[in-house]
Structure formats: structure tokens, C-alpha cells
1. By how many degrees, 0 to 90 and rounded to 10, does the Cα axis of helix 22-33 deviate from the longest principal axis of the chain?
2. Name the trypsin sites (Lys or Arg not before Pro) in the stretch 27-100 that are in a loop by DSSP and that have at most 16 other C-beta atoms within 10 Å, would you?
3. What longest region of the chain stays clear of GluC sites (Glu not before Pro) that DSSP places outside H, G, I, E and B and that have at most 15 other Cβ atoms within 10 Å?
4. If I stretch the segment between Asn46 and Leu14 completely, what's the gain in nm (0.36 nm per residue apart, minus their alpha carbon distance), one decimal?
5. At 1.4 Å probe size, with no ligands or nucleic acids counted, give the accessible surface of Val77 in Å², nearest ten.
6. Whole-Hz ³J(HN,Hα) for each residue in the stretch 38-55, computed from phi via Karplus 6.51 cos²θ - 1.76 cosθ + 1.60 with θ = phi - 60°, x for glycine and proline: what do you get?
7. Can you tell me the FRET efficiency between Arg27 and Asp82 if r is taken as the Cβ-Cβ distance and R0 is 22 Å, rounded to the nearest 0.05?
8. Which entry is the computed P(r) over Cα pairs in 10 Å bins from 0, in percent for this structure: (1) 15, 30, 19, 16, 11, 6, 2, 1, 0; (2) 11, 12, 11, 10, 10, 9, 8, 7, 6, 5, 4, 3, 2, 2, 1, 0; (3) 18, 56, 24, 2?
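The values are calculated or read from the model by the stated rules, or taken from the named source; none is laboratory data. In this text the structure is predicted, and so the values were computed from the model without any measurement. A quick note on method: Cβ atoms are made from the backbone with ideal geometry, for glycine too, and the neighbour counts reach across all protein chains shown. With ligands, DNA and RNA removed, areas are computed over all heavy atoms of the protein, side chains included. Shrake-Rupley method; radii C 1.70, N 1.55, O 1.52, S 1.80 Å.
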Amino acid sequence: QYGVLLADSRLPLLPLRGREHRGSWLRAMIAHWGGDGFVVLAVAENRQGLRSLLRASEGDPEICRLPEILAGLRAAVVEEQDAPGRCLLRAVASVAPGLT
């Protein structure tokens with residue numbers, strides 16, 4: 001419920017960094033925004049600072065390895081969305097640097 005409240009409040013996401021339950025809150029927010037398909041658009045628009053959160057959370061598997069983030073990366077590749085794709089790839093690869 002807290003994730004949905006955050007999504008509705010339009011507050012920046014950066015304060016989630018390092019917080020307990022940050023992954024579940026972010027998942028709830030993404031689901032509230034429209035699910036996996038919305039991740040690329042949310043990163044492109046930096047909705048509620050999502051791009052900023054991903055950059056600040058590089059190396060944090062609870063954020064950077066969420067199924068929604070991985071699905072967003074796949075969608076960015078399919079849709080040829082370069083800028084959001086690079087941001088998502090950087091976040092995912094930061095957890096497992098040998099991935100790229």
C-alpha cells in the first residue's frame with residue numbers, strides 16, 4: 001500500500017534508496033503506473049525521479065534486479081529506446097558487471 005501511496009503522491013523516488021522494503025515499494029508503484037510496459041516510458045520521462053533512483057542505486061540488487069526493471073530493459077531493446085535502455089542496462093549490469 002505504501003508504494004501506491006508514493007505513486008499517487010508524485011514525491012520523488014530517490015529517498016527509497018537504502019530503505020527497507022524499497023524493492024516491494026517500487027514494484028507496487030510500477031504496477032500502479034501500468035506494469036512492466038510502463039517502465040521504459042517512466043525512465044524516459046524520469047517519472048518521479050525513477051532514472052535518478054536507478055542511477056543512485058547502481059549495485060543494489062533489490063532495485064536493479066527487479067523483474068519489472070529486467071522487463072523494462074527487454075522492452076527498451078525491442079522498442080529501440082536508446083536513452084532509457086542505456087539507463088536500465090547500466091542499472092542491471094551494475095549488479096553483475098560481467099553481464100555486458
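1. Computed tilt is about 90 degrees.
2. Taking the stretch 27-100 and a limit of 16 other Cβ atoms within 10 Å, the loop trypsin sites (Lys or Arg not before Pro) found are Arg65.
3. On the way: sites that count: Glu20, Glu58, Glu79, Glu80.
Of all site-free stretches, the longest is 21-57.
4. Between Asn46 and Leu14, full extension yields 10.4 nm more.
5. For Val77, solvent-accessible area is about 100 Å².
6. Taking θ as phi minus 60°, the curve returns 8, 4, 4, 5, 5, 5, 4, 8, 6, 4, 6, x, 4, 4, 5, 4, 4, 5 Hz for the stretch 38-55.
7. 0.30
8. Only one listed value fits the structure, namely (3).
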